[in-house]
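Undergrad: Take this structure first; my questions come after.
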Protein chains: 2
Amino acid sequence: MRLIDTQRSGNAWKVRLLARLLGVTLERTTLSIDAGDLRKTEFLERNPLGQIPVLELDDGRRLYESMAILRYLAEGSEFWPSDSWCQAEVLTWLSFEQAQHMRPLAQLRLHLSLKHDRQSSDADMAALRPEALHALQQLEARLTAQERVGTSWVAADVPTIADVALYPYTRMAPMAQIELDVYPAVQTWLARIEALPGYAPLYPGRPDMNYATTEI
Amino acid sequence: MRLIDTQRSGNAWKVRLLARLLGVTLERTTLSIDAGDLRKTEFLERNPLGQIPVLELDDGRRLYESMAILRYLAEGSEFWPSDSWCQAEVLTWLSFEQAQHMRPLAQLRLHLSLKHDRQSSDADMAALRPEALHALQQLEARLTAQERVGTSWVAADVPTIADVALYPYTRMAPMAQIELDVYPAVQTWLARIEALPGYAPLYPGRPDMNYATTEI
């Protein structure tokens, strides 16, 4: 199987992280947004939605939404529980991540720390910030409630693809100029994920590049 | 099982629609946003995310994201295929709906047709419109590609919860001041869903209330 990604995409990081946690080896084709790779015909033919990551199977079939790729890779593992209720709980938090959590955090990170083309005082950035804070507060409340019933993870009593999906953009919140100090349950949960066997950061071997707001 | 909904929510309509297509009877508690029901403590205790729909099981457990509710109700039916690859394809389009399709269409509908508190020329509405058009173009392209391989549905060769999830906000696009004439594959697909046994519109028995832009 081959993963088409970029090094900096949080959505691609989810997939690389799950593969490592599962011990699955993925071949990689790493594209560059800056070089315009995602606008090239060759890429758009592989993914009509025009986004990374893309997972290509050996028989040529392709998946191109991180949620779908995570679910496919997790087949048969604890990261995608077999029970119908548990799957619905996992999907609740995958949906929350896609609809409410990722967009404000990813947009703030993109413009404030990667492109440096906006100020946090700009109207569009100022509108995204409360959305990002609200999502993090909801995650904090969920993790606190889970701890109360003796569970350390977002959707089940084991780590699932919901934890993997919520991890990258939460971890990179400081790049969105949002500090995580006020979310203690979130911080504990981040550390718990980082202690899982196989965990790797965004730029393995380049800790200075991981979450620096001066990253190019 | 009890569904907590509002009459006008597209996310709640997805759940009522799937239940009817499956022949499952749901008890209903229908709240009113205008009456402030969604801000009341009683409701927030039932759903910490503060949104409808909520599905309450007879044993008191609750699900509160439409994607998760659809998946739970569809267990064992063709609407949630058992094959791992097919599930990933369904999730691709559920994710697309949550991350790219629903938000601009729902926001435009809310402000231009329900609240009447914005003009289509306002900056925030003008920014949402290209996002909504782009999502509809991607749906049109997908349905056209599916027709080319002999399939009439978004994610599989049978209707799945991906079709059910994408239906309401696509159908209500005219309330977002977006006409569907330029999306022939989308129009054919909408008619195909409306021909499924059990289909019911947003306001059964009140066709004048369904998609009128003057709706209160």
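Undergrad: Can you compute 3J(HN,Hα) from phi for each residue in the stretch B:66-77, using the Karplus curve 6.51 cos²θ - 1.76 cosθ + 1.60 with θ = phi - 60°, rounded to whole Hz and x for Gly and Pro?
TA: 4, 4, 5, 5, 4, 5, 5, 5, 7, 2, x, 9
Undergrad: Could I ask something else about it? Report, as a whole number in µm² per second, the diffusion coefficient that Stokes-Einstein gives for the protein assembly as shown at 4 °C and 1.567 mPa s using the Kirkwood radius over alpha carbon pairs.
TA: Once the numbers are plugged in, D ends up at 58 µm²/s.
Undergrad: Now, a different point. Please give the solvent-accessible surface of B:ASP124 in Å², to the nearest 10, using a probe radius of 1.4 Å with every protein chain present.
TA: 60 Å²
Undergrad: Write down the accessible area per residue of chain A in Å², having rolled a 1.4 Å probe over the full set of protein chains.
TA: On a per-residue basis, chain A sits at 42 Å².
Undergrad: Right, here's the next one. Could you name the residue in chain B with the C-beta closest to the rotation axis that superposes chain B on chain A, along with the separation in whole Å?
TA: Minimum Cβ distance to the axis, with residue: B:GLN98, 2.
Undergrad: Here is a follow-up. Sort shortest first the distances from B:GLU78 to its counterpart in every other copy, using label points 7 Å along the Cα-to-beta-carbon line, and give them in nm.
TA: Listed shortest first, these distances are 3.8 nm.
Undergrad: Within the accessible area of chain A, what % is carbon and sulfur when the probe is 1.4 Å and the other protein chains stay in place?
TA: The C+S portion of the solvent-accessible surface of chain A is 51 percent.
Undergrad: State the antiparallel share, in %, of DSSP beta bridges confined to the protein assembly as shown, rounding to the nearest 5.
TA: Here the share of antiparallel DSSP bridges comes out near 55 percent.
Undergrad: Which number comes out as Rg/Rh for the stretch B:5-101 once both Rg and the Kirkwood Rh are worked out on C-alpha atoms?
TA: 0.98
Undergrad: Considering protein heavy atoms only and a 1.4 Å probe radius, which residues within the stretch B:18-64 exhibit an accessible-area decrease of no less than 30 Å² in the full assembly relative to the chain by itself?
TA: B:LEU49, B:ARG61, B:LEU63, B:TYR64
Undergrad: Continuing with this model, one more query. What span do the alpha-carbon atoms of the stretch B:72-137 cover on each of the three principal axes, reported in whole Å from largest to smallest?
TA: 46, 21, 14 Å, listed from the longest principal axis down.
Undergrad: Okay, moving on. Let me cross-check B:THR6: its accessible surface, 1.4 Å probe, with only protein heavy atoms counted, in Å² to the nearest 10?
TA: 10 Å²
Undergrad: Still on this model: Rounded, prolate or oblate: which fits chain B when a ≥ b ≥ c are the square roots of the eigenvalues of the alpha-carbon gyration tensor, with rounded for a/c under 1.5 and prolate only if a/b beats b/c?
TA: oblate
Undergrad: Additional query: Report the label-to-label distance for B:TYR203 and A:GLU147 in nanometres (one decimal), using points 7 Å from each Cα along the Cα→Cβ vector.
TA: Taking the simple label geometry, B:TYR203 and A:GLU147 are separated by 4.8 nm.
Undergrad: Can you give me the distance in nm between label points at B:ARG2 and B:ASP59, each placed 7 Å from the Cα along the Cα-to-Cβ direction?
TA: Here the modelled spin labels are 1.8 nm apart.
Undergrad: Antiparallel as a % of all DSSP beta bridges within chain A, to the nearest 5?
TA: So the antiparallel bridges in chain A amount to around 55 percent.
Undergrad: Still on this model: May I ask you to list the residues of the stretch A:127-151 whose amide nitrogen lies under 17 Å from a point 7 Å from Cα along the Cα→beta-carbon direction of B:ALA127?
TA: A:127-134
Undergrad: Can you give the average number of partner chain beta-carbon atoms within 10 Å of each beta-carbon in peptide A:95-102, as a whole number? List each step's numbers first, then the result.
TA: Details: counts 13, 7, 3, 9, 11, 5, 0, 1.
For peptide A:95-102, the averaged partner shielding equals 6.
Undergrad: Using a 7 Å offset from Cα along the direction of the beta-carbon, what are the separations from B:LEU57 to the same position in each other copy, nm, ascending?
TA: In nanometres, ordered from closest: 3.0.
Undergrad: Restricted to Cα positions, what overall size does the stretch B:114-205 have along the principal axes? Three whole-Å values, descending.
TA: Dimensions of the stretch B:114-205 along the principal axes of its Cα atoms: 42, 34, 21 Å.
Undergrad: Let me ask something else about it. As a test of the definition: with a 1.4 Å probe, what buried accessible area, both sides summed, do you compute for B against A, in Å² to the nearest 100?
TA: Values: alone 10420 and 10470 Å², together 18000 Å².
Interface between B and A: roughly 2900 Å².
Undergrad: With a 1.4 Å probe on protein heavy atoms only, tell me which residues of the stretch B:118-159 lose at least 40 Å² of accessible surface in the complex relative to the chain by itself.
TA: Checking the loss per residue gives B:GLN138.
Undergrad: Continuing with the same structure: Could you list, in their original order, any pairs among A:LYS115/B:LYS115; A:LYS115/B:LYS40; A:LYS14/A:LYS115; A:LYS40/B:LYS14; B:LYS14/B:LYS40 whose Cα atoms are separated by more than 32 Å?
TA: A:LYS115/B:LYS115; A:LYS115/B:LYS40; A:LYS40/B:LYS14
Undergrad: Okay, next question. Just to compare against my own numbers: the Cα pair-distance distribution for the stretch B:33-150, 5 Å bins, whole % per bin, please.
TA: Each 5 Å bin holds this share of Cα pairs: 2, 9, 13, 15, 17, 18, 13, 9, 4, 1, 0.
Undergrad: Provide an ascending nm list, one decimal, of label-point separations from A:THR30 to the equivalent residue in each further copy; define each label point as 7 Å from Cα along Cα→Cβ.
TA: A:THR30 label point versus its equivalents elsewhere: 5.5 nm.
The values are calculated or read from the model by the stated rules, or taken from the named source; none is laboratory data. Computed from a predicted structure; not experimentally measured. Heads up, the Cβs are rebuilt from the backbone with ideal geometry, glycines too, and the neighbour counts pull from every protein chain shown. Each accessible area value is taken on the protein alone, full model and side chains, heavy atoms only, with ligands, DNA and RNA left out. Shrake-Rupley method; radii C 1.70, N 1.55, O 1.52, S 1.80 Å.
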